[in-house]
Amino acid sequence: MHVLGPGFYVEMDIETDELVYWLKVATVGVIGVVTIQTAYKLYANLRHEKGRSRWKEFLAAIGFIPPLIPTALSSGPLSIPLDSKHPLNHNVARFRFLLPQPDQVLGLRPGQHISIAATVGGKRVVRMYSPVSGNEARGYFDLIIKRYEGEHALSKHIHAMKEGDKLECDGPRGHIVYKGRGTFVIGRSKKREKRTFHHLTAIAGGSGITPLLQILKSSLEDYSDCCSLHLVFANSSDKDVFLREELDALAETHSTRFRLTYTVSKAGDGWRGCVGRPDSSVVFKLIPRPSDDHVVMICGPNPMVKSVVNGLKEMGHQERNVLVF
Ligand SMILES: Cc1cc2nc3c(=O)[nH]c(=O)nc-3n(C[C@H](O)[C@H](O)[C@H](O)COP(=O)(O)OP(=O)(O)OC[C@H]3O[C@@H](n4cnc5c(N)ncnc54)[C@H](O)[C@@H]3O)c2cc1C
């Protein structure tokens, strides 16, 4: 056969069929390489877009799973204006912040929290907060914040905000996620571990109730979740207790599997709850026995958390069954 080269003929000993065969092999090879390269680029893009997985978005876009509800946090840090404020007691209020789009949800899973940042007294301050609204809230989310004093206290700054004033918000953050039906994913990246329990005890000190409430509510709202739940809500005095109506309503509606104990260090006249700090024997007696089927979740001021953890250890609770938020 004669093959035309650049400006001259080359005589080659190749049959036409053989040439066609090799051309086909080369074409399939090129198509294969391009396909693999494109698939890898798509995979890398879906996996690493700002460190967040976009597989679900992709599957929803091609109609493989139902359309996703847009999540505000998936597009990076947000500027969130204050919508309203409702005092819950003398130093705790519920704040509603607006998301950029009215159909968006914040996009946290139960147990996770966000970081809030602002410049307070000339200094940039960043603090963590656990929203009390879930992904049923479209276009907004709610925070319950206790006010602390201090030149650079962010909580004081937020309490002084006016409608329309903005904060910076980012997330999701946190290393404990409640997946439902007693299952938690605990830890970060490679050290992540899945654990399932049937008894969940939550010990909350003051505003430390917020992440625990998310988990309790998510369990109670799921009728297929059969875990038994016990919340011990500790406050300094009866005047400091907040969210009473909401908690009492949950306890009444779900009386078969949700037990609620209020405890205060200083009780006024007519107090009908428990009296004692959350690390006292009065409270510890109410907590189910240690076992690998029983998790104790704790959130509150550091000194409280430390002494409750020590008390639980003395009672025989294993460290792996105690989760500190
Ligand atoms: C995961 C996580 C979720 C959180 N969620 C919430 C939430 O939903 N609502 C909420 O109100 N807070 C929450 N917090 C606490 C919050 O992040 C801040 O620590 C708190 O608002 C105080 O910050 P600040 O800047 O106002 O005060 P700071 O300037 O940090 O402190 C001012 C003064 O208050 C004291 N103080 C600060 N925090 C406490 C405390 N917890 N107990 C006793 N004294 C304290 C300090 O010792 C200091 O004297 C959460 C914390 C974490 C880690």
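The values are calculated or read from the model by the stated rules, or taken from the named source; none is laboratory data. As the structure is a prediction and not an experimental result, all values here were calculated from the model. Because the Cβ atoms are built from the backbone with ideal geometry, glycine has one as well, and the counts that use them run over all protein chains shown. All accessible areas refer to the heavy atoms of the entire protein, side chains included, with ligands and DNA or RNA removed. Shrake-Rupley method; radii C 1.70, N 1.55, O 1.52, S 1.80 Å.
Quick look at the values:
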{"quantity": "Residue identified as away from the ligand (no atom under 14 Å from the Cβ), open to solvent by 70 Å² or more (accessible area, probe 1.4 Å), in contact with a strand residue (DSSP E or B) (Cβ under 8 Å, 6 or more places away or on another chain) and at positive phi among Arg181, Arg138", "calculated": "Arg181"}
{"quantity": "Filter result for the condition that a residue is within 14 Å of the ligand (Cβ to nearest atom), in the same structural domain as Gly300 (by TED's automatic domain parsing) and open to solvent by 20 Å² or more (accessible area, probe 1.4 Å), over Ser228, Ser189, Ser255, Ser207", "calculated": "Ser207"}
{"quantity": "Sole residue being more than 18 Å from the chain's Cα centre (by Cα) and under 23 Å from Ile158 (Cβ atoms), chosen from Leu98, Leu78, Leu106", "calculated": "Leu98"}
{"quantity": "Given (1) crowded, with 20+ Cβ neighbours inside 10 Å; (2) within 16 Å of Pro288 (Cα to Cα); (3) free of Cβ contacts under 8 Å to residues at least 60 places away in the same chain, number of the condition Leu216 does not satisfy", "calculated": "(2)"}
{"quantity": "The stretch 101-127 residues that are open to solvent by less than 80 Å² (accessible area, probe 1.4 Å), paired with ones that are in a loop (DSSP other than H, G, I, E, B) and of a type in the set (Lys, Arg) (beta carbon under 8 Å, 6 or more apart)", "calculated": "Asp103/Arg138; Gln104/Arg138; Val105/Arg138"}
{"quantity": "Only one of Ile80, Ile69 that is at pLDDT 95 or above and under 30 Å from Tyr129 (Cβ atoms)", "calculated": "Ile80"}
{"quantity": "Some residue of the stretch 98-118 being within 16 Å of the ligand (Cβ to nearest atom) and of a type in the set (D, E, K, R)", "calculated": "yes"}
{"quantity": "Single residue of the stretch 268-283 satisfying the filter (at pLDDT 90 or above and hydrophobic (A, V, I, L, M, F, W, C)) that is least open to solvent (accessible area, probe 1.4 Å)", "calculated": "Cys274"}
{"quantity": "Residues (crowded, with 20+ Cβ neighbours inside 10 Å and either of a type in the set (Phe, Trp, Tyr) or within 16 Å of the ligand (Cβ to nearest atom) (or both)) located in the stretch 284-304", "calculated": "Met297, Ile298, Cys299, Gly300, Met304"}
{"quantity": "Within the stretch 141-169, tally of residues that are of a type in the set (A, V, I, L, M) and near the ligand (Cβ under 7 Å from one of its atoms)", "calculated": "5"}
{"quantity": "First in the stretch 147-175 and touching a residue at least 60 places away in the same chain (Cβ under 8 Å), second anywhere and more than 6 Å from the ligand (Cβ to nearest atom) and of a type in the set (Lys, Arg), Cβ under 6 Å, 6 or more apart", "calculated": "His159/Arg147"}
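This table checks each residue for (1) in contact with a Lys or Arg (Cβ under 9 Å, 6 or more places away or on another chain); (2) not aliphatic (A, V, I, L, M).
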position	(1), (2)
Gly32	no, yes
Thr35	no, yes
Lys41	no, yes
Ile69	yes, no
Gly76	yes, yes
Pro87	yes, yes
Gln112	yes, yes
